[in-house]
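Just so it is clear, none of the values below were taken in a lab; they were calculated from the coordinates. The structure displayed is predicted, hence computed values, not measured ones. For neighbour counting, all protein chains shown are included, and Cβ atoms are generated from backbone atoms with ideal geometry for every residue, glycine included.
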Amino acid sequence: MKTIDKIYIDGKFITPIGQQILELYNPQDGTKATEVTLANAQDVDIAVAVAKRAFKTFSKTTLKERGEMLERLALAITSRKDELDAIAVSEYGSPISATKGRTRYAAQIFLDTKEAMEGFEFSKTLGDAIIVQQPLGVIAAITPWNADYTHICGKLAPAIATGCTIVIKPSELSAAQTQLLAECFDSAGIPGGIINILNGTGEEVGAALTAHPDVEVVTFTGSTNVGKIIYRAAAETMKRVVLELGGKSPNIILDDANLETAIPMALHIAFSNSGQACHAGTRLIIPASKSAEVKNLLVKAVSNFKIGDLQSTDSLIGPMVNGKQFDTVQSYIRAGIDEGAELLVGGLGNPEGFGGYYVKPTIFTGVKPGMKIEREEIFGPVISVIEYETLEEAIEIANDTIYGLSGYVSGKDPERLQYVANEMLSGRVLINTPTNRERKSPFGGFKQSGIGRTSWVYGIEEYVEPKVITKL
């Protein structure tokens, strides 16, 4: 069993003032794995004061100095990638195939941000004025338990690039992953006070950061409900907020799509990260005329999705992160059954041969717009199949949601594909692909899926404020 009893402030691992102990359990078998000592609001005050002090000097550093820091952070992660992979597998329950990609990407974020920083106009002349992009100050970053490394690095990198200091509150459910990542950051030789990391609950540490008068920006990735709480609280001190929130992403299969390709791909899109992904395309919108063929292909494709051995590169689905999430997914499966949706595959309970927090990959057909499983974000491997008669009806179903994070569409006709992509109300639309191949493109949502954007120059822009200085 691991014991994590330190937080990271001012370049040192120190004992928090907070004394609450959180127990974490192995998602594969439910055994106790970690005890974490959580920080409290007093620790937040200390961390923010340290970050505020460090900002005075860090904000004056050169692009060259900050670029070197970004390179060292990338190298620090790369040098311990195997350890980072192993802890993500054991603590989070992510298959190794998925974990390796996320660890590599976490390191790459720093290098991409360095490139973006070097091309960013921190100062430019406009007529008789100079426009200076001034760093805002102390950043509060609140991150979720899915893909711990990429979320933390995605919020840290633009802070380093802009000369802002940061206090990070990762999910307390990812304490072991965060501990090792903090050790990587510490080894990179970043001056004390620039990076500060507190394990703690959202109710106490997250709330204290959001309300703190010396925090200038709150950047949060998580549920829409929590995002609304943060948005309201941040308004009291007029903080800037960057919110990457929930999703219930549609995946439209056009009537000319190659179903032999599109349906297996639809499962990869929906079951990404074992379904524990805000961008997962869990609303599969299909032409009614192809219903029988789609159902047959779904059953066939699910049988090829290997569950279980997280060390195997063939495994595609792991367990839910903890018992609470397992119970949440079970409650949604029960709701789908109770609402009268047709259970094509999967259902309640563990897959055969597995215990812990493993969930059966589940597909409901006959789902009607407005059903709970069609409206709400489940965050598990559960797909709702909805049928349409016309293209306009498919687009209407896709957009009939409070969310707008990601969208997907498969088909052959380029003009129809482009038309659907243009009409979908979503921060991104992927055509005939399960993944975004351009990592430098902005990420964020429409509607209640968020405010602001991350990645590349778009992330940098969220941490600076333009200031006008008239020429002498």
* Assign one of three labels to the range 1-117, namely rounded, prolate or oblate, based on the Cα gyration tensor with a ≥ b ≥ c the square roots of its eigenvalues; rounded applies when a/c is under 1.5, prolate when it is not and a/b is larger than b/c, and oblate otherwise. => oblate
* Structure fact -> For K447, counting only aspartates and glutamates whose alpha-carbon sits under 12 Å away and dropping same-chain residues fewer than eight positions off, the answer is E244, D400
* To do: Could you pull out every one of the lysines with an alpha carbon less than 17 Å from that of K64, ignoring same-chain neighbours closer than 8 positions?
  => K114
* How many Lys pairs in the range 235-337 lie less than 29 angstrom apart by Cα atoms, where the lysines are 8 or more positions apart or on different chains? -> 10
* Roughly what % of Cα-Cα distances in the range 89-157 sit above 19 Å, to the whole percent? -> 52
* Reachable lysines from K100, Cα under 17 Å, same-chain residues fewer than 8 places away excluded? -> K81
* Structure fact -> In whole µm²/s, the translational diffusion coefficient that Stokes-Einstein assigns to the chain, given a Kirkwood hydrodynamic radius over C-alpha pairs, 37 °C and 0.692 mPa s, equals 143
* Asked: So what's the convex hull volume per residue for the Cα atoms of the range 250-431, in Å³?
  -> 109
* Convex hull volume per residue in cubic angstrom - Cα atoms of the range 402-472 -> 136
* the range 174-290 - Rg and Dmax from Cα coordinates, angstrom -> 20.2, 62
* Asked: Between A292 and N422, what FRET efficiency comes out of the Förster formula 1/(1 + (r/R0)^6) with R0 = 25 Å and r the beta carbon distance, rounded to 0.05?
  -> 0.25
* To do: Among the trypsin sites (Lys or Arg not before Pro) in the range 29-122, which ones are in a DSSP loop with at most 12 other Cβ atoms within 10 Å of the Cβ? Mind listing them?
  => K60
